[in-house]
Amino acid sequence: MQNLPETFDVAVYLYMLPGGSLHGCTTADMEAQGWILLSTEIKTMAVPPVNPVQVELEQLDRQETAIRVRFDEAMGNIKGRRAELLALEWQPEWADKEDDEA
């Protein structure tokens with residue numbers, strides 16, 4: 001994996017949204033959305049001295065945990081619904097009529 005640089009330049013755009021609120025973002029050409037560009041600045045950001053492999057592994061762990069939580073919830077819902085259905089005593093309507101005729 002390639003070494004990370006010490007700094008990184010990013011363009012920051014300051015927009016005024018309809019209604020007067022301000023929004024800073026890194027997305028250009030928001031004028032088509034009705035935003036008014038007030039200023040643009042290039043900011044130099046320091047890149048932290050991190051191990052990118054370790055950072056990505058931690059991110060994957062967080063994603064795995066989030067997916068597992070959703071999976072466990074969905075499985076719990078399925079098991080709960082299955083238990084509700086198995087607890088029902090169901091007989092078709094025609095079965096009652098046959099019992100009455102006999």
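Quick notes on this one:
- Members of the range 77-94 found to be assigned to a helix (DSSP H, G or I) and aromatic (Phe, Trp, Tyr), listed by number: 94
- Members of the range 20-42 found to be over 28 Å from the mean Cα position of the chain (by Cα) and of a type outside the set (D, E, K, R), listed by number: 20, 36, 37, 38, 39, 40, 42
- Meets criteria (modelled with pLDDT of 90 or more, in a loop (DSSP other than H, G, I, E, B) and surrounded by 10 or more Cβ atoms within 10 Å (Cβ to Cβ)) for residue 74: no
- Screening residue 91 with (1) within 22 Å of the chain's Cα centre (by Cα); (2) at pLDDT below 90 gives one miss only, at (1).
- Residue count for the range 29-44, restricted to those that are surrounded by 10 or more Cβ atoms within 10 Å (Cβ to Cβ) and closer than 21 Å to residue 7 by Cβ: 3
The values are calculated or read from the model by the stated rules, or taken from the named source; none is laboratory data. In this text, all values refer to a predicted model and were calculated from it rather than measured experimentally. For neighbour counting, all protein chains shown are included, and Cβ atoms are generated from backbone atoms with ideal geometry for every residue, glycine included.
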